[in-house]
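S.K.: Would you mind keeping the following structure in view while I ask a few things?
None of the figures in this text is laboratory data; all of them are computed from the coordinates on show. Note that the structure is predicted; figures quoted are calculated from it, not measured. Glycine also receives a Cβ, built like all others from the backbone with ideal geometry; neighbour counts cover every protein chain displayed.
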Amino acid sequence: MDTTDANLAAVRKRIAAACTAAGRATDAVQLLAVSKTFGPEAVRAAAHAGQQAFGENYLQEALAKQAALTDLDLSWHFIGPIQSNKTREIAEHFSWVHSVDRLKIAERLSAQRPDHLPPLNVCVQVNISGEASKSGCLPADAAQLCQAVAGLPRLRLRGLMAIPAPSTAGADTHAPFRALHQLLIALRNQGLEVDTLSAGMSDDLEIAIAAGSTMVRVGSAIFGSRTAAATAPQTQH
Ligand SMILES: *Cc1c(COP(=O)(O)O)cnc(C)c1O
């Protein structure tokens with residue numbers, strides 16, 4: 001096994017163990033491999049190890065990677081902050097967007113989603129820890145934004161996404177994930193058919209799964225440290 005193979009196997013094992021510990025089915029959580037800053041060869045290695053869904057934060061970098069990997073049947077998820085002048089290319093080149101945090105962006109994505117593609121799967125990003133500098137709508141605004149997104153013709157609302165603040169000593173690391181899960185349940189109670197909680201990364205996927213995550217976004221535990229990748233000579237941005 002090469003490194004990517006071994007790392008992917010280890011991450012899948014962590015996910016399965018976390019599901020079992022939480023009394024959930026071992027296939028209840030999907031793995032999104034976050035390949036930002038890594039080149040197409042890294043994605044190809046992960047694909048050969050059976051990984052199909054990849055997350056990207058930077059549009060130009062993602063488009064270059066996609067162009068180099070057209071021979072593979074991959075599913076691409078956009079997970080980074082969205083500027084409104086980037087929505088057309090995102091609507092054209094991704095099957096999921098996890099980082100919708102305002103109506104204007106959702107409306108543009110819906111209007112620009114090409115007719116020959118299925119509706120774009122969307123998660124509304126919530127600033128669950130209430131950090132001033134973070135993307136995401138306020139928890140109090142999530143339900144209204146989700147209702148609006150659900151009404152847009154070329155989007156399919158799937159659920160919620162969050163990046164909880166790094167935990168500080170003594171803080172309850174589970175609390176933001178539980179709050180996110182409660183928001184999802186509230187959406188269901190309002191009649192929205194949401195099935196996705198996009199939460200958990202390399203360092204906290206067990207906590208996220210314990211709190212009901214259905215999709216973990218894992219980068220460094222699969223591909224290695226991004227600082228190392230950024231200085232590697234074959235990696236270009
Ligand atoms: C980079 C990134 C990840 C992956 O983070 P790791 O700690 O490397 O697993 C997940 N989600 C988002 C939104 C990211 O930007």
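S.K.: Considering every residue within the stretch 152-161, establish whether at least one is farther than 18 Å from GLU193 by Cα and either surrounded by 14 or more Cβ atoms within 10 Å (Cβ to Cβ) or away from the ligand (no atom under 16 Å from the Cβ) (or both).
M.R.: no
S.K.: Of everything in the stretch 53-78 that's in a strand (DSSP E or B) and of a type outside the set (Gly, Ala, Ser), which residue is surrounded by the fewest Cβ atoms within 10 Å (Cβ to Cβ)?
M.R.: TRP76
S.K.: Moving to a separate point now. In the set ALA28, ALA21, which member is out of contact with any Gly (no Cβ under 6 Å at 6 or more places or on another chain) and either more than 17 Å from ARG158 (Cα to Cα) or within 16 Å of the ligand (Cβ to nearest atom) (or both)?
M.R.: Values: ALA28 fails: either more than 17 Å from ARG158 (Cα to Cα) or within 16 Å of the ligand (Cβ to nearest atom) (or both).
Unique residue meeting the criteria: ALA21.
S.K.: Which of the following residues is over 22 Å from VAL216 (Cα atoms) and of a type in the set (Val, Ile, Thr): VAL122, VAL149, VAL126?
M.R.: VAL149
S.K.: Quick one: which of ALA175, ALA186 is more than 13 Å from the ligand (Cβ to nearest atom), among the small types (Gly, Ala, Ser) and touching a residue at least 40 places away in the same chain (Cβ under 8 Å)?
M.R.: On inspection, the qualifying residue turns out to be ALA186.
S.K.: Kindly list the number of the only condition in (1) touching a strand residue (DSSP E or B) at 6+ places or on another chain (Cβ under 9 Å); (2) more than 19 Å from GLY219 (Cβ to Cβ); (3) more than 16 Å from the ligand (Cβ to nearest atom) that fails for LEU74.
M.R.: (2)
S.K.: Follow-up. When you scan the stretch 158-176, do you find a residue that is in a helix (DSSP H, G or I) and out of contact with any strand residue (DSSP E or B) (no Cβ under 8 Å at 6 or more places or on another chain), even just one?
M.R.: Yes, the stretch 158-176 contains a residue that is in a helix (DSSP H, G or I) and out of contact with any strand residue (DSSP E or B) (no Cβ under 8 Å at 6 or more places or on another chain).
S.K.: Hey, another quick one. Of all residues in the stretch 108-126, how many are surrounded by 18 or more Cβ atoms within 10 Å (Cβ to Cβ) and more than 16 Å from the ligand (Cβ to nearest atom)?
M.R.: Qualifying residue count, the stretch 108-126: 5.
S.K.: Any residue in the stretch 148-161 that is more than 16 Å from LEU117 (Cα to Cα) sitting within a Cβ distance under 6 Å of a residue that is within 16 Å of the ligand (Cβ to nearest atom) and among the hydroxyl-bearing types (Ser, Thr, Tyr)? List the pairs, counting only those 6 or more apart or interchain.
M.R.: Close Cβ pairs (under 6 Å, with a partner that is within 16 Å of the ligand (Cβ to nearest atom) and among the hydroxyl-bearing types (Ser, Thr, Tyr)) amount to ARG158/THR196; GLY159/THR196; MET161/SER198.
S.K.: Quick check on this structure: which one of ARG88, ARG102 is surrounded by fewer than 22 Cβ atoms within 10 Å (Cβ to Cβ), over 14 Å from the mean Cα position of the chain (by Cα) and in contact (Cβ under 8 Å) with a residue 40 or more places away in the chain?
M.R.: Being surrounded by fewer than 22 Cβ atoms within 10 Å (Cβ to Cβ), over 14 Å from the mean Cα position of the chain (by Cα) and in contact (Cβ under 8 Å) with a residue 40 or more places away in the chain holds for just one of ARG88, ARG102, which is ARG102.
S.K.: Taking GLY50 as meeting all but one of (1) within 13 Å of the ligand (Cβ to nearest atom); (2) more than 15 Å from the chain's Cα centre (by Cα), write down the number of the exception.
M.R.: That leaves (1) as the condition not met.
S.K.: Still on this structure, I have one more. Got a sec? Which of VAL11, VAL97 is touching a strand residue (DSSP E or B) at 6+ places or on another chain (Cβ under 6 Å), within 12 Å of the ligand (Cβ to nearest atom) and part of a helix (DSSP H, G or I)?
M.R.: Working: VAL97 fails: part of a helix (DSSP H, G or I).
Just a single option satisfies the conditions, and that option is VAL11.
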